[in-house]
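Structure first, then comments.
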Amino acid sequence: MSENSAQEKTEQATPQKLRKAREKGQVAKSAELNSVIIVGFGFVTIYLLSPIIFGNLGAMMSQTLREAAKTEVSVALIPEIFKGSMISFGLVMGPILLCLAIIAYLVNAVQVGVMFSTKALEPKWDKFNLVKGIKNLVSKKAIVNLIRDIFKAALIGIIAYFTISGWLPDIMEAADKTVGQYTAVLGKLALLLAIKICVVLLALAMFDFAFQRYDHADKLKMSKQEIKEESKDTDGSPELKSRIRQVQREMAQGRMMSEIPDADVVVTNPTHIAVALKYNPDEMAAPMIVAKGERLIAQKIKEIARTYNIPVVENKPLARSLFKLVDVGDYIPATLYKAAAEVLAYIYRVKDNSGVTRG
């Protein structure tokens, strides 16, 4: 279990791996959703602007036909004629194409956010791998895509059949009318058919979008070992972090020991705990702990205190409370004022009786 389970990709991708995949252009995106929305909006836009579009196209064609008899066509003039036609056509279709381009950008932005990656444009030689290409043909994604496309084609055929069948009487009746009236009927039929197909395809596209997200997350899954290796690369190895913490503790302990000579008293347990207190009523609101420790550190605190003639007082309840409740550099809580005051008062009396002056 140990080695195999560590190598199985069962864990969700970490934020770092997701970020790296995004930088490479690997994101969960449904091309189906893009196509459906663009085609749907394209049909609606063309239908709504059809009077303007066909009017401009008709005017352009009339202009061309009128000028045709007057224009002497030559090889040198063909590029100029072609250029003029393209400009006229661009002025007619340009707004529609611009609108569709904006829609395409917005759909992509909704799916994957705003991003630009040149790595997605780089050639990948593994795509020319024949064996890998054959495997992709029978992959889970390829099978899902095949089923989706077959289902989509069948749905489009069924929708088209029933929609056109329902409009056959109107089409037959419009055949005896003017070209404009006949075209209007066919235009409404085409729009209705396009809307129905787009609604169904949109539902399939949403399914495809959900599958693309699932497939993308599945491909980026990591093994427990990969997560450990990434953690090492990001935060450093456990041994290094342990060493850093040890150095930090040693530095903090060194600073703490350097404060002991300024203490007024050391309260002990008496052997397991030692807490050094400092209090200057002119500058401090309450007594402050300048050092504390247990076992070996407690012995070291008492040793330094004796070296600097700092009184060492045994008071088990006070020592335990101070060690447990107060951090080094903090003032003692009000609940311990009385007990600490009694110790400090005793020390001051001893100092005064012995003729020692506090610094």
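Using a 10 Å cut-off on Cβ atoms, rank the peptides 173-183, 284-294 from the highest mean neighbour count down.
For the peptides 173-183, 284-294, the packing ranking is 284-294, 173-183.
In region 252-354, what percentage of the DSSP-assigned beta bridges are antiparallel, given to the nearest 5? Don't skip to the answer; put the middle values down first.
Working: 11 of 14 bridges.
Approximately 80 percent, going by the DSSP bridge assignments.
How would you rank 323-333, 157-167, 266-276, 38-48, highest first, on the average number of other Cβ atoms within 10 Å across their residues?
Descending mean neighbour count gives 266-276, 38-48, 323-333, 157-167.
Would you mind checking which residues have amide H under 5 Å from Ile273's amide H? H placed 1.01 Å from N; only 5 or more apart, or other chain.
Arg295
Between Gln63 and Leu202, what FRET efficiency comes out of the Förster formula 1/(1 + (r/R0)^6) with R0 = 25 Å and r the beta carbon distance, rounded to 0.05?
0.05
Any of Lys29/Lys224; Lys17/Lys140; Lys140/Lys221; Lys141/Lys219; Lys24/Lys141 with alpha carbons more than 18 Å apart? Name them for me.
Over 18 Å Cα-Cα: Lys29/Lys224; Lys17/Lys140; Lys24/Lys141.
Taken together, the values in this text are just the output of simple stated rules run on the coordinates, not laboratory data. Since we're looking at a predicted model, the values are computed, not measured. Positions of Cβ are generated from backbone atoms using ideal geometry, with glycine treated the same way; all protein chains shown enter the neighbour counts.
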